1. Please give the FRET efficiency for residue 186 paired with residue 314, using the beta carbon to beta carbon distance and R0 = 22 Å, rounded to the nearest 0.05.
2. Going from the alpha-carbon gyration tensor of the chain, what semi-axes, largest first and in whole Å, does one get by taking the root of 5 times each eigenvalue?
3. How much length is gained on full extension from residue 36 to residue 286, taking 0.36 nm per residue of separation minus their Cα-Cα distance?
4. May I ask you to give the average projected area over all directions of the convex hull of the Cα atoms of segment 180-344, in nm² rounded to one decimal?
5. Rounded to the nearest 500, what is the 222 nm mean residue ellipticity of the chain from helices alone, with -39500 (n - 2.57) per DSSP H run of 4+ residues and division by all residues?
6. If the convex hull of the alpha-carbon atoms of segment 214-281 is projected onto planes in all directions, what is the mean projected area in square nanometres?
7. To one decimal place, what Kirkwood hydrodynamic radius in Å is obtained for segment 322-362 from all pairs of distinct Cα atoms?
8. Could you check the simple spin-label distance between residue 212 and residue 330, using points 7 Å along Cα→Cβ, in nm with one decimal?
């Protein structure tokens, strides 16, 4: 099969959607060699992972990343390549895809803009809504990365029997670490939360909960993520609570530093209010970390019996979870489930599920 992929984020985005794209490309290349991959992306020099270029044929597109002409004209370019399938990897399909002479598949990761509309500008909500609606209406197959997102899509858009769930995997092709003595100097033991500093990630509740148990633990709290709208508020709250020596923030950490911090953490905390998937849970599991996470459907779907759950809106419940996760005899009974869960999210299973999905549209 000749499969075209929307590679814009796989090439240039170093977080969630980019990791999904790179992981998908590697899994298909490693485990489905009969599939030929074609990448469609604007041309820039800052490709996140140069080795990905050797895994398929790249078709560079004119215009910057956000150029609408690229979105309008992509179907014409796809038609000329005589693909079997075009797969939009991040919630959208190019206009006129139905006239490109190919079957179309789209991965829709979430519809957070409808579930938590207060965190989005009205104009962004409209754009996301109509892009999602167009993708749902025109795709031959819709892939979601969780059953929660499948249910959300069905409730909001009515995607019917052309919607399936295929779990993504933990992409582990390049996981560099740093010298621990240098990276973790004077750190001591710590809890860690990895997520961009934005409202729905719920950092402020976590900081308040930690402040209330800080005199009951010697551990620190490490927050790692990109600077977004709540970063400054977090810094101010940490200062107000006199926790500058107990809560450490890393904005825009390198992948090497992130992996080093994760590998040496005492436990992973995930208080997010809503997610479409939750790859940090798999990253924490792969390191064997005890996990305390928000009691939301997608986390229960992924972590199953391997985590301590709490109401993410409750400082009191989060505080209790932080205390509980320090109890090794308590967390061991959760950690034993990790080895049962991780195989469900393997690269080989991901690739096989994708290959079967592609075959099903013919």
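1. After rounding to 0.05, the efficiency reads 0.10.
2. They are 37, 21, 20 Å, listed largest first.
3. Full-extension gain reported as 87.0 nm.
4. Hull-based average projected area comes out at 9.0 nm².
5. It lands at -12000 deg cm²/dmol.
6. Value for segment 214-281: 5.5 nm².
7. 12.9 Å
8. Between residue 212 and residue 330, the simple spin-label model gives 1.5 nm.
Laboratory data are not the source of any read-out in this text; all were calculated from the coordinates shown. None of the values given here were measured: they were computed from a predicted structure. When we count neighbours, we look across all protein chains shown, and the Cβ atoms used for this are built from the backbone with ideal geometry, even at glycine.
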